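Inspection log for the structure reproduced underneath, given as structure tokens.
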């Protein structure tokens with residue numbers, strides 16, 4: 001995030017961001033059940049996650065993530081398609097902020113780091 005509120009500069013900063021920052025921009029909120037279970041508010045969307053659309057014409061639709069495009073900041077969902085004029089169907093791209101993760105693909109065990117220390121132990125200065 002740069003230090004300006006100018007929309008054009010904000011868009012330019014997102015467009016020119018490095019891959020690490022583009023990955024951080026791919027974060028989507030978790031459902032309330034997943035928040036309480038894992039102690040995390042949001043995660044980066046990955047292929048295999050199950051998401052639900054929160055905005056637009058496809059509000060409430062859900063499906064597995066088929067593709068993640070960091071450069072265009074889009075998430076493509078299996079089953080959410082639009083007919084093109086030539087009769088073919090094409091996936092619709094959604095911004096990660098407009099979807100909610102309702103199922104996490106846990107193939108990567110290090111994806112969610114468990115919080116081992118509580119705030120009380122940090123305040124007292126004691127180690128567990």
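So that you can scan it fast, the table gives a plain yes or no per residue for (1) modelled with pLDDT of 95 or more; (2) crowded, with 16+ Cβ neighbours inside 10 Å:
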site	(1), (2)
3	no, no
11	no, no
23	no, no
26	no, yes
35	no, no
51	yes, yes
57	no, no
76	yes, yes
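Got at least one residue in segment 115-125 being at pLDDT below 95, over 29 Å from residue 2 (Cβ atoms), surrounded by 12 or more Cβ atoms within 10 Å (Cβ to Cβ) and more than 11 Å from the chain's Cα centre (by Cα)?
Narrowing segment 115-125 to residues at pLDDT below 95: 115-125.
Then drop every residue that is not over 29 Å from residue 2 (Cβ atoms), which leaves 115-125.
The next check asks that each one be surrounded by 12 or more Cβ atoms within 10 Å (Cβ to Cβ); those that pass are 121.
Still in the list and also more than 11 Å from the chain's Cα centre (by Cα): 121.
Yes, segment 115-125 has at least one match.
Filtering segment 59-73 down to residues that are surrounded by 14 or more Cβ atoms within 10 Å (Cβ to Cβ) and touching a helix residue (DSSP H, G or I) at 6+ places or on another chain (Cβ under 8 Å), which residue is nearest to residue 22 (Cα to Cα)? For segment 59-73, the residue satisfying everything is 70.
The values are calculated or read from the model by the stated rules, or taken from the named source; none is laboratory data. Here the structure is a predicted model, which is why all the values come from computation and not from measurement. Cβ sites come from the backbone with ideal geometry, for glycine too, and all protein chains shown count toward neighbours.
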